[in-house]
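Readers should treat all values here as calculations from the given coordinates under stated rules, not as data from a laboratory. Since this is a predicted model, take the numbers as computed values, not measurements. Ideal geometry is used to build each Cβ from the backbone, glycine not excepted, and the neighbour counts take in all protein chains shown.
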Amino acid sequence: MKQRGFKIAKGWENKNINLPKRSTKHSAAYDIESAEDTVLLPFKLGMKPTLIPTGLKAYMLSDEVLMILPRSSGPKKQGIMFPHSMGVIDSDYYGNIDNDGHIYIQCINIKDEEVTIKKGDTIAQGFFQKYLVVDDDNATGERIGGFGSTDKS
């Protein structure tokens, strides 16, 4: 039985998407690439972050989460940062009805000029982790969609 991993999201099957991999045998996280060229304008207050598609979805056990973390070289080499520090991909995001669980990376450009992220550039890293719930947890809700849907009823 498969427990956790990455697959290509619907609509991205024929776009030469690379599945994430670890760079070394002691790496904790999986390198995640951009699925297409994306231009990021220099950030100004009030701008929304740019969503960079990965063409990926991730499956995992129900008590696990995929944390999407910035690369340490992102700000210096690419001029990109995550406006939210890290992303959280819940296990029930996989295969959701809105976008099949397609993972996007939210980025802002901290340089003074446009930054072009090329298809295949490593833009983030993914880290699978178990999580715990409190003794009196009684969550019963069901995911009703994709990106940003857990706060909608």
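Whole-Hz Karplus values for the stretch 83-93 come out as x, 10, 6, 7, x, 10, 10, 6, 4, 7, 6 Hz, taken residue by residue from phi with 6.51 cos²θ - 1.76 cosθ + 1.60 and θ = phi - 60°; glycine and proline positions read x.
The GNM of the chain, with springs linking C-alpha atoms under 10 angstrom apart, assigns the highest mean-square fluctuation among Leu56, Leu45, Leu66 to Leu45. Amide H contacts of Leu56: Ala9, Ile103, each under 5 Å away and 5 or more positions distant or on a separate chain (H built 1.01 Å from N in the peptide plane; Pro and chain starts excluded). Distant-in-sequence amide contacts of Trp12, defined by a placed amide H-H separation under 5 Å and a gap of 5 or more residues or a different chain, comprise nothing. Measuring r between the beta carbons of Leu41 and Lys119 and using R0 = 22 Å, the FRET efficiency lands at 0.70. The Ala28 and Leu61 beta-carbon pair, evaluated with R₀ = 25 Å, returns a calculated FRET efficiency of approximately 0.90. Each of Met1 and Ser85 was given a label point 7 Å from its Cα along the Cα-to-Cβ line. The distance between the two points is 3.4 nm. Scanning residues 5 or more positions from Ala124 or on other chains, those with amide H under 5 Å from its amide H are Ile32, with H placed 1.01 Å from N in the peptide plane.
Highest mobility in the GNM of the chain, judged by mean-square fluctuation with C-alpha springs under 10 Å and restricted to Gly95, Gly55, Gly46, is found for Gly46.
Here the contact order of the chain, divided by its residue count and restricted to Cα pairs under 8 Å and six or more residues apart, works out to 32 percent.
What the phi angles of the stretch 97-111 give under the Karplus curve with 6.51, -1.76 and 1.60, with θ = phi - 60°, is a coupling list of 5, 6, 9, 6, x, 4, 8, 10, 10, 7, 9, 10, 9, 9, 8 Hz, glycine and proline written as x. Applying D = kT/(6 pi eta Rh) to the stretch 5-130, where Rh is the Kirkwood radius over alpha-carbon pairs, T corresponds to 20 °C and eta to 1.002 mPa s, the Stokes-Einstein value obtained is 144 µm²/s.
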